[in-house]
1. Please go through the range B:170-255 and write out the GluC sites (Glu not before Pro) that DSSP classes as loop and that have at most 12 other C-beta atoms within 10 Å.
2. Once you list every other residue whose beta carbon is under 13 Å from the beta carbon of C:N301, what net charge do they have if Lys and Arg are +1 and Asp and Glu are -1?
3. Leaving out ligands, DNA and RNA, what percent of the accessible area of the range B:149-325 is carbon and sulfur, probe 1.4 Å?
4. I want to check the label-to-label distance for A:K349 and B:E286. Put each point 7 Å from Cα in the C-beta direction and report it in nm to one decimal.
5. With Rg and the Kirkwood Rh both taken from Cα atoms, where does Rg over Rh land for the protein assembly as shown?
6. Once you sort the root eigenvalues of the Cα gyration tensor of the range D:149-325 as a ≥ b ≥ c, which label holds: rounded (a/c under 1.5), prolate (a/b larger than b/c) or oblate (the other case)?
7. Hey, what angle do you get for helix B:149-158 against the long axis of chain B, alpha-carbon based, 0 to 90 degrees rounded to 10?
8. State to the nearest 20 debye the size of the charge dipole of the protein assembly as shown about its Cα centre, where the only charges are +1 on K and R beta carbons and -1 on D and E beta carbons.
There are 4 protein chains.
Amino acid sequence: MKKYRIGILGATGIVGQRFVSLLGSHPHFEIVSLTASKKSAGRKYSEIVDWYMRNDIPENVRETIIVNNTDKEISRENLDIVFSALPSKLAYDIEIDLAKEGIAVFSNTNAHRMDIDVPILIPEINANHLQLVGKQKFGTGFIVTNSNCSTSGLVFGLRPLQKFNIREVYVTTYQSISGAGKKGVASMDILGNVIPFISGEEEKMELETKKILGTFDGEQIQDADFDINASCARVPVLEGHLESIVVNFNEDVSLEEINQSFKSFNGLDTNTFPTAPMNPIILTLEDDRPQPTRDLLTEKNLGMAITIGRVRRKGTSVNFFLLVHNTLRGAAGASILNAEYALQEGFLK
Amino acid sequence: MKKYRIGILGATGIVGQRFVSLLGSHPHFEIVSLTASKKSAGRKYSEIVDWYMRNDIPENVRETIIVNNTDKEISRENLDIVFSALPSKLAYDIEIDLAKEGIAVFSNTNAHRMDIDVPILIPEINANHLQLVGKQKFGTGFIVTNSNCSTSGLVFGLRPLQKFNIREVYVTTYQSISGAGKKGVASMDILGNVIPFISGEEEKMELETKKILGTFDGEQIQDADFDINASCARVPVLEGHLESIVVNFNEDVSLEEINQSFKSFNGLDTNTFPTAPMNPIILTLEDDRPQPTRDLLTEKNLGMAITIGRVRRKGTSVNFFLLVHNTLRGAAGASILNAEYALQEGFLK
Amino acid sequence: MKKYRIGILGATGIVGQRFVSLLGSHPHFEIVSLTASKKSAGRKYSEIVDWYMRNDIPENVRETIIVNNTDKEISRENLDIVFSALPSKLAYDIEIDLAKEGIAVFSNTNAHRMDIDVPILIPEINANHLQLVGKQKFGTGFIVTNSNCSTSGLVFGLRPLQKFNIREVYVTTYQSISGAGKKGVASMDILGNVIPFISGEEEKMELETKKILGTFDGEQIQDADFDINASCARVPVLEGHLESIVVNFNEDVSLEEINQSFKSFNGLDTNTFPTAPMNPIILTLEDDRPQPTRDLLTEKNLGMAITIGRVRRKGTSVNFFLLVHNTLRGAAGASILNAEYALQEGFLK
Amino acid sequence: MKKYRIGILGATGIVGQRFVSLLGSHPHFEIVSLTASKKSAGRKYSEIVDWYMRNDIPENVRETIIVNNTDKEISRENLDIVFSALPSKLAYDIEIDLAKEGIAVFSNTNAHRMDIDVPILIPEINANHLQLVGKQKFGTGFIVTNSNCSTSGLVFGLRPLQKFNIREVYVTTYQSISGAGKKGVASMDILGNVIPFISGEEEKMELETKKILGTFDGEQIQDADFDINASCARVPVLEGHLESIVVNFNEDVSLEEINQSFKSFNGLDTNTFPTAPMNPIILTLEDDRPQPTRDLLTEKNLGMAITIGRVRRKGTSVNFFLLVHNTLRGAAGASILNAEYALQEGFLK
């Protein structure tokens, strides 16, 4: 099978490294280009990256020469797909330019997420939103985004419950430091502490969730019609965002119905979509789970599944906790799964 | 002025040590008796306590000989007041026995909090609930409780808002490890982690809050009539419980009215009540506060004030974060303030 | 090939869980018996264990019924080998009894480590010490120990340097909390802190190291003749002991010779010894390594290799830092490798 | 008494804030000028500082307008003394320029520490080294430095033992993150981790210690003649450097003599020197102390005393652990004490 030629924008950050790590030996995709900031340009990837991943830097990119993020060297002639882990401001124009070049852009940044013709795609949840790229004016190129990391957990907690007529949602987060990048949170600020603020995060959760869970009528996306109230905080955890969620329904729902909805939520075919988890939602019945250090990476969960636990029903409400791996399901893994889905659906030329 | 003779039950735990530390040089109270478990009984306090407080063990209790928690040596002849930091099960009978002896029992345990004739007293909030002790059948003795540590923060966030007709409350906590006592949380379980479960905590917050914020009609307490939905988790923080709160109102309230209500909330006279904070609610306007390591003990807050921040209004809701010192305002300090209030009101003989 | 029947003593603790996890699918060994304390006896393993490992509880032991540690049900008729992760005091008699039964005992406890006829075996370092079991008086049974966790790192740092005539060694440790077991270190004691004391640890490092690095003359072990000065402390790290080491030589040694000795240190054949690392010593040349969170489990190091870094020469001294996985190379993994070695050498019947 | 006019260079960093905090109400010194980087210049101190101290920003500097670090506005006409918390490179020229202006410069940076005519002063240890400023060529101005933070602990551990003929010293550190400044250590790098490298730290400890403990013959300082071998690492602790120390002597010394030397080490008169601790060395006999979270700030130690514990004698060696408050005794407090000493000795005009 033909391998698609891949570029990774912002390849030295935490999310960039996740992209490199996951794409080191992908059946359909092959890394050919890596970009980073100007000061790294022209040097070998293995020389300039401060590598945080458990597995080694893939052999085939160790010697890859870094291109400046803003260089125009990246073109349709040498690339089919770009994964973007750029800072948001920088990403805005670059992603448009690449799409205009005819490149398929899968972006982890929030630059274009709320654009009216750009989907925030999560194949298990809103696969048909991918059709929205048909409305984009880039020719063969297009932009597909994945959601913000904390949003990526929340939507898996809500999607199985939408059939019960959700009225409103309250979510409070315990977010890990890796969500802010390598140097994002100073240790003086978070050691033994909680910081009840993450810039822009609450707005993202509220807006993105309604778009992802909305309906696509062939022309545009109609947002989900329930309200979301988000409060976000940073905690001294390396990886994994935990979320405390309350869902109020307009109708009476039993605990059994809710648990059943979580348990029966279907995943994709992992043969067709190598990055997809067998089981996107893992329901735990233990008293005190999920926990970041114990449930994030297990034999059953390689980082692309959401773990849900402590499901409690109170009147017409349900409370639960949810755990998502913020740099896999919440970032690089989500973006790659989107590309796999676009490939299967015939969107990649 | 006469000094009342004090006993501290469970004097070697974290809360017990806080009692000892705070009462080392109190104008009205003088420690004369300390109890602990059987294996410590008969030994000097300074020899058996694993002292966690910043200030030294008060000189006058270093040589005090520990009495077994369950001994009957503690009697009205040698004691006026008992502060109880016992485990709940152990506390149930002991506190009744001491009240029957004629002793004023100020308890930090939850054994009798929900008893129909026992107040959960917080003088700045529900001072008149103290009258409820008149319904108790212990003669001159009585039992007054303070609230659970996380409840003690929440009620300060709600009391100033009750005038706006609260419909329902959502609270999610980030609770420190000291709330579980010296050996309560193993480091293997919490380092770099969050545990989304604290046994009994959510129920306590929901029930106690409604009782504390209820009205006393001279006969009994009528619970506050709004619903409370609590989700509790442990975080790797030494001291201080942070709480994310959403209050829904039945009426429209402006952000200015809410902030004004917090700011104008009155404290007690600190001359009369030495343990009371000048200002029980500190409102912070900074982006990313309150934080446990930075706002718990400051020049303005010696651990008895609540810090509220990030007040955000959304429709008829208000969101905010709140920080309470769990072993001072949430435990020993609260209990001592209750005794000071009972003294001033003439309840101590 | 015949599979040897295995019992694991103390199977519910952290080291016990490591044994279970590693032996779930071993080519030569098969778990048939698990022991734990009295209160767990008679119940299924999966019901009573608080599982901390990343991989799942192996299917074949989920239903295994726990035997009381002190029961005599474990006999030569149903077991060939026992791995012991018991507390030291409890282990002393039990291990002797099992050896007398004719069972091969591989013990992670320190009960018999310093016995004159019991080797502290590390196959890459002192393989011939295994012959010492011939001096034991247990018939076909015998006891082989592995070293204390921090010792297991130190000896790999010293063995390659012994040819240079070591005069004395200084070692200071940064030891992780998992070394003290599941409930060994309370979070109140270690969060944001360092505890400069681990009971018995310094003595173990000093004595065990000299025995392991000593020579076996066919009759007894002659301790290595250099002095070791150890200082041990606990740090808030989940897994991995870091050690700062200074070695003083009686002769002049170049930095190149030292680095070469580390690099050329040979491992065992990993086909014959499935638990052995390809490369027991990984030398890193990076400025600021090894680090517990980054170098303990990598593509090149599955927990059985030692990482050495920051090698600095000063006069006739060399300074370096060293990292060892305390529950793999320092405990369960070491013990299993010893059994694999004994099997290959014909000691298992 | 006349108050000396003070400038603080680099007033917004952690050490700068310590200076401001300590000098807010000093009997002899009064802050009149604060400098910071260019982007803060021209703005009020309280508006630009991200305040980490427990006590409030002193009222008298809240409105102080920040001067650019490199501005020439600071002159002898408006200032008597400057405390420098600048980055080292920036400090080099600025400190010389200010001394030439006639200003007394007390510097916490290492820019001039090893200059032949600049003392590294610690009044309890090497008071007579202050005379060395007479060799400087700045007219009435001069430069006095205090030591690096980890050195400031080590010298208190060695000074009382110098009478016993020290042969060599081994020191391994556990250093807190505040030593690297507000943004110095990223949380991704240190949470649950140890970093065995601090740039330049080992060299500083080795060189500074020998200078501080050396003898001044009226002309120059003769370094102490024993060797120091330092290994430095960063641990996830907010404040306080712990050090593991081994001292080898050329003669036989008893444990009693060593303990006695620590206990009898004299402090300065705290009436004359308000920043000096009553007792510069606190010897603890407890098993597992000193510990950063428990011994750094206590009733007996306001941050200027060194705590020594676990003193163990082995042959002609002694091992012990030592704890120093890195931003008080190791930085701002040390510098202020030096100014108090210089004042008393008549060096301030």
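1. On the way: sites: B:E201, B:E202, B:E203, B:E206, B:E208, B:E219, B:E239, B:E243, B:E251; in loops: B:E219, B:E239, B:E251.
Here the sparse-neighbourhood loop sites are B:E219, B:E251.
2. On the way: positive: A:R54, C:R289, C:R294, C:K300, C:R329; negative: A:D56, C:E239, C:D295, C:E299.
Every neighbour counted, the sum reads +1.
3. Working: 2730 of 6030 Å².
Answer for the range B:149-325: carbon and sulfur cover 45 percent of the accessible area.
4. Here the modelled spin labels are 5.5 nm apart.
5. 0.96
6. rounded
7. 40
8. Working: 144 positive and 172 negative charges, 0 e Å.
With only Lys, Arg, Asp and Glu charged at Cβ, the dipole is about 0 debye.
The values are calculated or read from the model by the stated rules, or taken from the named source; none is laboratory data. Fair warning: this is a prediction, and the values are worked out from it, not measured in the lab. Neighbour counts run over all protein chains shown; Cβ positions are idealised from the backbone, glycine included. Note: areas computed on protein heavy atoms with side chains; ligands, DNA, RNA excluded. Shrake-Rupley method; radii C 1.70, N 1.55, O 1.52, S 1.80 Å.
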